[in-house]
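Novice: For reference, the structure I am asking about is given below.
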Amino acid sequence: MPGLAEEFPGWRDFFQPERLRPVERRFGEQGMTQVQALHQFIEARLAMNLPPAQHLNAVNDHFNRYRFVADATHWNRPDYWATPFEFVASGGGDCEDFSLAKFFTLRVLGMPSSNLRLMYAKALELNQAHMVLIYLETEAAMPLVLDNLNPAILPGDQRTDLLPVYSFNGEGLWRARAFDHGVRLKQGENGILLWQDLLQRLAGDSS
């Protein structure tokens, strides 16, 4: 899986007027305003010149303002991973969209891919599949969980409502049975097709 530079180089180009016209055509003036607000948020955070980890709470809170909408209702598809632009411009999305928007925004803010993973888990109280973003300060540290169900960023061992299944990022895929580092799978094993499709859409168009 490629790193950030290969995923979407020149991220500021996505906010150029000519790249945002498709957003306005598809989502209207309100959608355009939401995307511009995301741009302002990112630029303001970058101007603070903070270590990447100090952006965790702000990024988590920023995206948790959006509404949860199931894919079948929102996109008329059983499963769809929205780009951050689609998520923001449309005003919401499901757990995957929340997690992906946080992942890519933190990467733009300087967070190494090795510190972030998207994790599929079972939400035990809801009895359904769920995606969260986890932050690993070090390889030995207990991951912190960024989630739209629980707005507080908590260590994984305090999220007894979640049963981890597997995690992934731009560098690999791990099988997980607990909030540890899991077992790394061989390259190509259980490839994430929706992830690859998302990267292709990011590379091709901002909307």
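Novice: For the stretch 26-60, enumerate the residues that are charged (D, E, K, R), more than 15 Å from MET111 (Cα to Cα) and in contact (Cβ under 8 Å) with a residue 40 or more places away in the chain.
Specialist: Across the stretch 26-60, the qualifying residue is only ARG26.
Novice: Also, I was wondering about something else. Given the structure, is ARG21 touching a helix residue (DSSP H, G or I) at 6+ places or on another chain (Cβ under 7 Å), at pLDDT below 95 and of a type in the set (Lys, Arg)?
Specialist: no
Novice: Right, something else. Within the stretch 69-85, identify whether any single residue is at pLDDT 95 or above, touching a Gly at 6+ places or on another chain (Cβ under 8 Å), crowded, with 23+ Cβ neighbours inside 10 Å and not basic (Lys, Arg), and answer yes or no.
Specialist: Within the stretch 69-85, not a single residue is at pLDDT 95 or above, touching a Gly at 6+ places or on another chain (Cβ under 8 Å), crowded, with 23+ Cβ neighbours inside 10 Å and not basic (Lys, Arg).
Novice: Just checking: which of the strands (runs of 3 or more DSSP E) contained wholly in the stretch 113-153 hold 1 or more residues that are among the charged types (D, E, K, R) and either at pLDDT below 95 or out of contact with any His (no Cβ under 7 Å at 6 or more places or on another chain) (or both)?
Specialist: 116-123
Novice: Here's another thing I want to ask about it. Of the conditions (1) aromatic (Phe, Trp, Tyr); (2) more than 28 Å from ARG26 (Cβ to Cβ); (3) modelled with pLDDT of 90 or more, PHE104 satisfies every one except a single condition; which number is it?
Specialist: Condition not satisfied by PHE104: (2).
Novice: Still on this structure: Does any residue in the stretch 77-104 that is under 22 Å from PRO52 (Cα atoms) come within less than 9 Å, Cβ to Cβ, of a residue that is among the β-branched types (Val, Ile, Thr) and surrounded by fewer than 21 Cβ atoms within 10 Å (Cβ to Cβ) six or more places away or on a different chain, and which pairs are these?
Specialist: Close Cβ pairs satisfying both conditions: ASP97/VAL69.
Novice: Can you give me the ranges of the helices (runs of 4 or more DSSP H) entirely in the stretch 7-107 with at least 2 residues that are closer than 23 Å to ALA129 by Cβ?
Specialist: 56-64, 71-74, 84-90
Novice: Also: Got at least one residue in the stretch 35-43 being closer than 20 Å to ALA152 by Cβ, surrounded by fewer than 17 Cβ atoms within 10 Å (Cβ to Cβ) and either touching a Cys at 6+ places or on another chain (Cβ under 7 Å) or hydrophobic (A, V, I, L, M, F, W, C) (or both)? Don't jump to the end; show me each part of the working.
Specialist: We begin by selecting, within the stretch 35-43, every residue closer than 20 Å to ALA152 by Cβ; these are none.
Scanning the stretch 35-43, I find no residue that is closer than 20 Å to ALA152 by Cβ, surrounded by fewer than 17 Cβ atoms within 10 Å (Cβ to Cβ) and either touching a Cys at 6+ places or on another chain (Cβ under 7 Å) or hydrophobic (A, V, I, L, M, F, W, C) (or both), so the answer is no.
The values are calculated or read from the model by the stated rules, or taken from the named source; none is laboratory data. These numbers come from a predicted model, not from an experiment. Quick reminder, even Gly has a Cβ in these numbers, built from the backbone with ideal geometry, and neighbours come from all protein chains shown.
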